[in-house]
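Structure first, commentary second.
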Ligand SMILES: Nc1nc2c(c(=O)[nH]1)N[C@H]1C(S)=C(S)[C@@H](COP(=O)(O)OP(=O)(O)OC[C@H]3O[C@@H](n4cnc5c(=O)[nH]c(N)nc54)[C@H](O)[C@@H]3O)O[C@H]1N2
Ligand SMILES: Nc1nc2c(c(=O)[nH]1)N[C@H]1C(S)=C(S)[C@@H](COP(=O)(O)OP(=O)(O)OC[C@H]3O[C@@H](n4cnc5c(=O)[nH]c(N)nc54)[C@H](O)[C@@H]3O)O[C@H]1N2
Ligand SMILES: [Mo]
């Protein structure tokens, strides 16, 4: 999302800086953006398709590679049925608009119900809440950080992550501005993070207990609004049952489980209610826990009850130029779906056509009708990113075939039969179809490809549509279907983007204009390479809400599935305090790392090792551990060895480890990354524990034992 200025000599990148003229990022850039040249030039980055022959890999041509990949899929489906071939889509798809626009068509052609993605190790709870409450899976409100005066942050570290479902450059600066205008930022996190360091107040919270805190805040807000007799907008439904439902969550009861003082809970609720511009925001830390969906729900409830939804300085909806939410059906992602089918083994619910990634391994390694026999991964590394990576990795080894679209031979793709490497980010165009829709300001920018490509290269979208057309041909699909595929291929991503802008809110028929009062088109974007400012977020309810089956647009504050799950939360509230509670593991992100990849870039990985287990001094002392000592960390599912970092910024009883490391596995071709110390946090996370409602993985609050390595030998 940051505008970049790339200085280059032919195809050699000399320097990348933030683009000072970008209306959104204004010259700011994070360390990852500056290293796209190094990514482009990385000698380990695959430039040609490779196929596994015994233990060896051989380079092959594109036609042969695509034919072989399609035939693996086709053969498996012919023999074992459509669902026997699964897909896993990783996070970078969302950053690649070609992959994003062509991926859905490929998946449709694949026709398998065994679809998985990084969504269910990430923001699924927010999407489920958006779907149930606002009528569209992508209607996730974004904190209007630039105008708020009171911001509550749970389980997010935007100073490092650049904000998620709150994309914005320079979060540190933006948070400083909140405080500079007399506002307050309150952070609840089991670690005093880089974001907490910028806040007015930070409170430790026990991992996995946020839903209790949020229910108590919601209860307080209901009390405040009953007292002053205020009414909610006519499009808000379901307020009435809430007071009774949340009654058990008094501030005192919530304080007991969360470890947060009751007075803090009361104070936060009062501020959210009385301040003119206030917002409550929660992100990854509240999603990857056993009550993730409840947290997603309660965050929205709180913003509505505090009268902060759809108001400047509160939680607002974006109006992106390419509108994946309100635009034509063919260009968007659809309003969503939930529970249309269930996974075979654990009966976890489908959401948006996908099943939870936590169930992928068992769907592969459990024999029987409907077993997964082949897999297609696209820009994903589930071995390092999903719970119990070791089990998944054994499953991948047992598959009849696997196809990976990725430019690295990594922990996941090493199990593939064929790897299809797309062009680098400097070789294709960019438009943030997804992140413009989740950013703190409406802007639009198109960047054409910087470097030309030759006939021996393929973009992600070309690979996907190449696979799609081969599948249709192998199946003898009707000519009409094949013509449609061909049509989309001729259009190219730029053509679809142009169409989307044209039909969008700032296009020919839309009423929106940019800050200069002009309409938006592809031509206009090409003429404005720095990007176009479409202004601050605007109030848009109820029109922006998804249309329900009855044709109405409303907010449902009390969806049945979430309400029904409150009993489970109540049992958790009433559980006896466990005095001998052991340690629990949580995750963290690092400014110069990007999930499980970009670890092969020297500039991003030099310096102090990142993959260290942060532990509180008291917990280290109790176990007789010294600084930087190597320890064995064990959970129900596995063991890893890592070095500790004693740190009083972590809550006692909690240890923190970043995920995405552990590149030492055999056969990985990542020279720089393999030399990095560390292990995979997801060799410890437990695939059997999920959020019961959404099926989202529980990656936080994992019970672990820690002992020094010498002692255990
Ligand atoms: N324990 C723990 N686990 C976590 C998390 C956590 O906080 N803790 N976070 C979770 C979250 S939020 C996420 S999003 C997931 C991420 O999980 P994944 O999406 O599965 O993995 P990534 O690490 O993003 O790996 C992306 C892969 O895409 C490739 N790639 C990069 N760009 C492109 C491209 O343009 N095209 C193609 N075809 N390939 C590309 C890279 O080489 C890499 O192999 O991890 C999750 N797992
Ligand atoms: N530099 C960098 N930026 C990134 C990424 C990256 O890998 N590196 N990844 C990108 C991706 S895919 C995503 S999804 C976003 C995520 O963006 P954020 O949500 O901001 O991500 P994290 O830094 O993982 O923050 C999660 C926080 O939750 C805390 N936490 C853990 N468990 C709990 C809990 O039970 N309760 C509470 N209240 N807090 C808890 C952790 O200590 C951590 O500070 O970041 C994106 N940006
Ligand atoms: Mo993510």
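The values are calculated or read from the model by the stated rules, or taken from the named source; none is laboratory data. Nothing here was measured: the structure is a model prediction, and the numbers come from that model. Positions of Cβ are generated from backbone atoms using ideal geometry, with glycine treated the same way; all protein chains shown enter the neighbour counts.
Annotation: of all residues in the range 129-162 being within 16 Å of ligand 3 (Cβ to nearest atom) and under 19 Å from residue 700 (Cα atoms), the one that is surrounded by the most Cβ atoms within 10 Å (Cβ to Cβ) is 156. Scanning the range 296-318 for residues that are in contact with a helix residue (DSSP H, G or I) (Cβ under 6 Å, 6 or more places away or on another chain) and either more than 22 Å from residue 240 (Cα to Cα) or not in a loop (DSSP other than H, G, I, E, B) (or both) yields a total of 10. Residues satisfying the criterion are present in the range 554-571 (criterion: farther than 30 Å from residue 335 by Cα and more than 16 Å from ligand 3 (Cβ to nearest atom)). Looking across the range 276-289, just one residue is within 15 Å of ligand 1 (Cβ to nearest atom) and farther than 19 Å from residue 659 by Cα, and that is 282.
So for the range 33-40 (the condition being away from ligand 1 (no atom under 16 Å from the Cβ) and either at pLDDT 95 or above or closer than 24 Å to residue 531 by Cα (or both)), does at least one residue qualify?
yes
Among helices (runs of 4 or more DSSP H) entirely within the range 180-295, having at least 1 residues that are in contact (Cβ under 8 Å) with a residue 24 or more places away in the chain and within 16 Å of ligand 2 (Cβ to nearest atom) singles out 210-228, 251-258, 262-274, 284-287. Kindly check whether there is at least one residue in the range 388-398 that is modelled with pLDDT of 95 or more and within 20 Å of residue 108 (Cβ to Cβ). No: zero hits. So for the range 42-54 (the condition being over 22 Å from residue 428 (Cβ atoms), surrounded by fewer than 20 Cβ atoms within 10 Å (Cβ to Cβ) and touching a residue at least 12 places away in the same chain (Cβ under 8 Å)), does at least one residue qualify? Yes, there is a match, as at least one residue in the range 42-54 is over 22 Å from residue 428 (Cβ atoms), surrounded by fewer than 20 Cβ atoms within 10 Å (Cβ to Cβ) and touching a residue at least 12 places away in the same chain (Cβ under 8 Å).
Yes/no per residue for (1) farther than 26 Å from residue 657 by Cβ; (2) crowded, with 21+ Cβ neighbours inside 10 Å:
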{"site": "316", "(1), (2)": "yes, yes"}
{"site": "321", "(1), (2)": "yes, yes"}
{"site": "334", "(1), (2)": "yes, no"}
{"site": "341", "(1), (2)": "yes, no"}
{"site": "358", "(1), (2)": "no, yes"}
{"site": "394", "(1), (2)": "no, no"}
{"site": "402", "(1), (2)": "yes, yes"}
{"site": "405", "(1), (2)": "yes, yes"}
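All of 587, 582 fail the test of being at pLDDT below 95, in the same structural domain as residue 659 (by TED's automatic domain parsing) and over 17 Å from residue 256 (Cβ atoms), apart from 582. Residue selection: residue 321 fails the criterion of being assigned to a helix (DSSP H, G or I) and modelled with pLDDT of 95 or more.
Selection within the range 7-26: residues that are without any contact (Cβ under 8 Å) to a residue 24 or more places away in the chain and part of a loop (DSSP other than H, G, I, E, B). The member of this set that is farthest from residue 443 (Cα to Cα) is 10. Within the range 374-383, not a single residue is closer than 19 Å to residue 48 by Cβ, assigned to a helix (DSSP H, G or I), in contact (Cβ under 8 Å) with a residue 24 or more places away in the chain and within 9 Å of ligand 1 (Cβ to nearest atom). Given the criterion out of contact with any helix residue (DSSP H, G or I) (no Cβ under 8 Å at 6 or more places or on another chain) and in contact (Cβ under 8 Å) with a residue 60 or more places away in the chain, identify the matching residue among 653, 701, 660. Selected residue: 701, the only one of 653, 701, 660 that is out of contact with any helix residue (DSSP H, G or I) (no Cβ under 8 Å at 6 or more places or on another chain) and in contact (Cβ under 8 Å) with a residue 60 or more places away in the chain.
Set side by side, the residues 588, 581, 636 differ, and just one is under 19 Å from residue 702 (Cα atoms), within 16 Å of ligand 3 (Cβ to nearest atom) and either in contact with a strand residue (DSSP E or B) (Cβ under 9 Å, 6 or more places away or on another chain) or in a loop (DSSP other than H, G, I, E, B) (or both), which is 588.
With respect to the conditions (1) over 30 Å from residue 490 (Cα atoms); (2) away from ligand 1 (no atom under 16 Å from the Cβ), residue 123 falls short on a single one, namely (2).
This table checks each residue for (1) under 30 Å from residue 566 (Cα atoms); (2) surrounded by fewer than 20 Cβ atoms within 10 Å (Cβ to Cβ); (3) in the same structural domain as residue 206 (by TED's automatic domain parsing).
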position	(1), (2), (3)
608	no, yes, no
624	no, yes, no
628	no, yes, no
640	no, no, no
643	no, yes, no
650	yes, no, no
666	no, yes, no
694	yes, no, no
698	yes, no, no
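Only a single item in (1) more than 20 Å from the chain's Cα centre (by Cα); (2) over 30 Å from residue 211 (Cβ atoms); (3) within 16 Å of ligand 2 (Cβ to nearest atom) is not met by residue 105, and it is number (3).
Over 19 Å from the mean Cα position of the chain (by Cα) and either in a helix (DSSP H, G or I) or over 20 Å from residue 684 (Cα atoms) (or both): is that true of residue 433 in this structure? Considered against the rule, which asks whether it is over 19 Å from the mean Cα position of the chain (by Cα) and either in a helix (DSSP H, G or I) or over 20 Å from residue 684 (Cα atoms) (or both), residue 433 comes out as no.
Considering only residues in the range 406-421 that are near ligand 1 (Cβ under 8 Å from one of its atoms) and without any contact (Cβ under 8 Å) to a residue 60 or more places away in the chain, the one that is farthest from the chain's Cα centre (by Cα) turns out to be 413. Just a yes or no: is a residue in the range 135-148 at pLDDT 95 or above, in the same structural domain as residue 293 (by TED's automatic domain parsing) and either within 11 Å of ligand 2 (Cβ to nearest atom) or over 24 Å from residue 540 (Cβ atoms) (or both)? Looking for residues that are at pLDDT 95 or above, in the same structural domain as residue 293 (by TED's automatic domain parsing) and either within 11 Å of ligand 2 (Cβ to nearest atom) or over 24 Å from residue 540 (Cβ atoms) (or both), one finds none in the range 135-148, hence no. Here residue 57 clears all of (1) within 24 Å of residue 493 (Cβ to Cβ); (2) more than 16 Å from ligand 2 (Cβ to nearest atom) except the condition numbered (1). When 52, 79 are checked against the criterion of being more than 16 Å from ligand 3 (Cβ to nearest atom), out of contact with any helix residue (DSSP H, G or I) (no Cβ under 8 Å at 6 or more places or on another chain), assigned to a helix (DSSP H, G or I) and more than 26 Å from residue 297 (Cβ to Cβ), 79 stands alone in meeting it.
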